[in-house]
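Remarks on the structure that follows.
The values are calculated or read from the model by the stated rules, or taken from the named source; none is laboratory data. As the structure is a prediction and not an experimental result, all values here were calculated from the model. Here Cβ is always computed from backbone atoms with ideal geometry, including for glycine, and neighbour counts include all displayed protein chains.
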Amino acid sequence: MKTTAIRKEAEKLNISKETQKEAMRASAITAIGPGLALCIMLVTLMASLGAPTAWMRLNDVGSGRSELAIASMVSDMVTAEKGTAEWDLQNFSYAIWAQGIDVVGWIVGAIIAVVFGEKLTKTMNAKMDQKWVKVLMSGCLISLFTYLLTNSVYGKSIGYAVAAILGGVSMYVLNKVFGKNKRLRELSLGISILVGTVGAALIG
């Protein structure tokens with residue numbers, strides 16, 4: 001049903017069927033890398049919270065890293081280490097509730113961004129120079145990912161920095177050198193994630 005709705009909307013926007021196929025194929029291939037990362041996070045969650053909880057969390061997880069962080073925060077607050085005898089059912093329930101509330105925050109934030117973001121963008125395009133709007137949006141995107149990257153590398157072991165550098169270099173090379181090869185560009189994200197992961201594993 002969703003695919004049909006997407007095709008109808010694409011036809012309204014006069015997007016050719018060939019472009020639609022390319023977009024769908026690129027999206028499916030690009031999702032492989034993040035999908036593998038989520039699988040790795042699932043295994044990590046299984047080790048710390050148990051298999052049933054990990055599978056449950058996978059259904060609505062906003063960020064695997066935040067799920068682990070919240071569980072660790074709860075562990076520190078109740079002074080009971082995960083997986084030990086002190087980590088009883090009550091402490092475990094605290095972690096589950098905290099993770100659920102965290103996901104609600106993700107959902108509410110996304111809804112607000114979609115509803116008001118679209119209106120704000122249309123207003124800016126109508127009242128401002130569209131070139132400056134694109135520059136502003138690009139700046140926001142760069143700032144966001146710079147923040148996420150810095151947060152993931154600063155104060156961490158050398159492996160995190162190696163993964164970030166190798167992933168970035170790999171992405172640049174694949175898009176720059178093989179820019180005319182659409183199939184390879186579609187795989188660039190997944191390849192870059194694997195290169196960064198392997199490099200970090202070898203160094204760390």
When residues of segment 176-200 are filtered for being surrounded by fewer than 14 Cβ atoms within 10 Å (Cβ to Cβ), modelled with pLDDT under 80 and farther than 17 Å from Glu22 by Cα, how many remain? 1
Looking only at segment 154-171, how many residues end up being under 15 Å from Ile203 (Cα atoms) and part of a helix (DSSP H, G or I)? 10
Answer residue from segment 49-78, given it is within 17 Å of the chain's Cα centre (by Cα) and over 19 Å from Ala110 (Cβ atoms) and is modelled with the highest pLDDT among those: Ala69
Residues in segment 134-152: is at least one more than 22 Å from Glu67 (Cβ to Cβ) and among the aromatic types (Phe, Trp, Tyr)? no
Looking at Leu174, Leu187, which is the one that is under 30 Å from Ile203 (Cβ atoms) and in contact (Cβ under 8 Å) with a residue 60 or more places away in the chain? Leu187
Residue in segment 12-19 that is among the small types (Gly, Ala, Ser) and at pLDDT 75 or above present: yes
